[in-house]
Number of protein chains: 2
Amino acid sequence: MATFSDKLKSAIQRTGGCLCVGLDVDLAKMPAGVAKDATGALTFCRSIIESTQDLAAAYKPNLAFFESLGPAGLKVLEDLRKAIPAHCLVVMDAKRGDIGNTSQAYAKAFYENLKADSVTLSPYMGKDSVDPFLEYPDTCSFVLCLTSNPSSADFQFQTVANGKKLYELVAQTATGWAKGKKAEVGLVVGATQIQYIRDLRQLVPDTVFLVPGVGTQGGDLQGVLKEGKTRNGFGILVNVSRQVLYASSGPDYAQAARVQAQKLVDEMKPFFS
Amino acid sequence: MATFSDKLKSAIQRTGGCLCVGLDVDLAKMPAGVAKDATGALTFCRSIIESTQDLAAAYKPNLAFFESLGPAGLKVLEDLRKAIPAHCLVVMDAKRGDIGNTSQAYAKAFYENLKADSVTLSPYMGKDSVDPFLEYPDTCSFVLCLTSNPSSADFQFQTVANGKKLYELVAQTATGWAKGKKAEVGLVVGATQIQYIRDLRQLVPDTVFLVPGVGTQGGDLQGVLKEGKTRNGFGILVNVSRQVLYASSGPDYAQAARVQAQKLVDEMKPFFS
């Protein structure tokens, strides 16, 4: 089997971009003609996947939206996972963080049952909370490092040892957890300030970054790609959700999503050639 | 409606203790005669609840174990929630932490769909990630503060501003998020070192603590109760999972669970009278 980084490199070479389409399925935003329920959510996701799968390096289902639909929502998640073709990576956006057999149970849910390539995790409980996920070869567990919301300053920007910020310590420490494992640790790095991406990239030159906050959230795509790639020239996924999903509120939503995805990939291409 | 703290006080007065029974339903540990599947998990939880409901102030379902059973697991969670009588509090142990409409979706899943009184959350993304939960009156969102696992030292014990540790900053900051809200913020505080509970209690004298790590994990129940109550003499929940759930691996598991719960409540009683 190829490592996650290898699969990501292939996906970038195949599509020309590092686009991750975030499946944040908000029922209130379903286009005209799509039911505002679990069945509608599945129809919607399948159409989006169908129309963008040659452009998307990865899809990132957001667990919250499926959980908020109850058991039917988890069934939708299972079904849509099957609709994602093998050449696209699957990142489960879960931001879990627990320990021991609880952490093992989450790892099983995502890596065994849902056959994800990747999961997002929270670092607060430290190494113990990530270790069980690293038992799954060729996966990448993305640990929250620097997020793009205003209150990221509450804790992530606190100065800790040696004048470092907490998010920098998280970057270095979490990257170290993958040593000797057959799985990778990646980092979630928000796109609001390119300077931080540049600094983090120097700190951990070979760690895969998952970058949300481009698109509706206002990040600068070109700056991210200029500063964010790993030393091998790949190693980055840029997530866009709403700009693609809700490009049209009419029955042409899937084609409109494709137009947006194409536009994003076109903007990405020069950075990978 | 009564606040969460009021409901907790009533529950402690009713049972004599502050016992929270953690529903960490591990299929591998199902007693003889109980099926190792979703149906078995429901039967098991219902029996435990039935036999301990006059002793338990609260129940804490652990989301990971239900999620690892797929859609059927979420259905079990819904059904077992209905089996918990109104006089017991329900804490959903989810340790979620995300922002914006994602956080809203999780809050809806737990506080609307599952009608929880309380949820556990991770602090890493700061205030934004907790705010949507505080829109639900009379609930208590327990934010991870100090956990009882070895790698809590990775980040929680880092020294931040003014010589404070990160977990102390989390305690003070997160407690402040509840200001002006109709909901409470509580803290998850591990029981491995009584000294820390004492210090935290001085820092935030009126914040409800959820204390795991007593029982199988080895915490000192009497020390916790001596140091951990709020100024009103209540305001603490001590979680015990395995010691109660898996007290017997035979068909008498529910009665054995009751014996253990009774033992714990007897040990708690002197601290609340």
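What follows draws every value from the coordinates through simple rules; no lab data is involved. Just so we're clear, the structure is a prediction, and the values are computed from it rather than from any experiment. Ideal geometry is used to build each Cβ from the backbone, glycine not excepted, and the neighbour counts take in all protein chains shown.
Some values worked out for this structure:
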{"quantity": "Net charge dipole size for segment B:8-153 [Lys, Arg +1 and Asp, Glu -1 on Cβ; Debye, nearest 20]", "calculated": "220"}
{"quantity": "Filter on A:LYS165/B:LYS95; A:LYS263/B:LYS95; A:LYS60/B:LYS29; A:LYS95/B:LYS263; B:LYS108/B:LYS226; A:LYS60/B:LYS75 - keep pairs with C-alpha separation over 29 Å", "calculated": "A:LYS263/B:LYS95; A:LYS60/B:LYS29; A:LYS95/B:LYS263; B:LYS108/B:LYS226"}
{"quantity": "Shielding by partners - mean other protein chain Cβ count within 10 Å, residues of B:88-94", "calculated": "1"}
{"quantity": "Helix A:38-52 vs. chain A, principal-axis angle (Cα, 0 to 90°, nearest 10)", "calculated": "80"}
{"quantity": "Separation in nanometres of the label points that stand 7 Å from Cα toward Cβ, at B:GLU267 and A:THR43", "calculated": "5.7"}
{"quantity": "Computed [θ] at 222 nm, deg cm²/dmol, the protein assembly as shown (DSSP H ≥ 4; -39,500 (n - 2.57); rounded to nearest 500)", "calculated": "-11000 deg cm²/dmol"}
{"quantity": "Positive-pole candidate from A:LEU42, A:VAL91, B:SER273, dipole of the protein assembly as shown, charges at beta carbon", "calculated": "B:SER273"}
{"quantity": "Using alpha-carbon coordinates, inclination of helix A:4-15 to the longest axis of chain A, degrees", "calculated": "40"}
{"quantity": "Rounded tilt (10° steps) of A:253-268 against the dominant C-alpha axis of chain A", "calculated": "40"}
{"quantity": "Taking segment A:4-272 and dividing mean pair separation by its residue count, relative contact order in percent (alpha carbons under 8 Å, at least six apart)", "calculated": "22"}
{"quantity": "Considering only the protein assembly as shown, percent of DSSP beta bridges that pair antiparallel, nearest 5", "calculated": "5"}
{"quantity": "Ascending list, in nanometres, of distances separating the A:ALA153 label from those of the other copies (7 Å, Cα toward Cβ)", "calculated": "3.3"}
{"quantity": "Chymotrypsin sites (Phe, Trp or Tyr not before Pro) lying in DSSP loop within segment A:104-211, provided at most 15 other Cβ fall within 10 Å", "calculated": "A:PHE157"}
{"quantity": "Spherically averaged projected area in nm², based on the convex hull that wraps the Cα atoms of segment B:139-273", "calculated": "9.3"}
{"quantity": "Cα pair distances in the protein assembly as shown, grouped into 20 Å bins until the bin that holds the longest one, percent each", "calculated": "23, 55, 21, 1"}
{"quantity": "Qualifying trypsin sites (Lys or Arg not before Pro) in segment B:168-273, DSSP loop, other Cβ atoms within 10 Å at most 10", "calculated": "B:LYS179, B:ARG231"}
{"quantity": "Binned Cα-Cα distances of segment A:11-89, short to long, each 5 Å bin given as a whole percent", "calculated": "3, 16, 28, 23, 16, 9, 4, 1"}
{"quantity": "Convex hull volume per residue in cubic angstrom - Cα atoms of segment B:53-188", "calculated": "125"}
{"quantity": "Formal net charge of residues neighbouring B:GLN156 (Cβ-Cβ distance under 13 Å; K, R +1; D, E -1)", "calculated": "0"}
{"quantity": "Within chain B, percent of DSSP bridges classed antiparallel, to nearest 5", "calculated": "5"}
{"quantity": "Segment B:4-267 - Debye-derived log10 I(q)/I(0), Cα point model, q = 0.08, 0.09, 0.11, 0.13 Å⁻¹", "calculated": "-0.29, -0.37, -0.57, -0.80"}
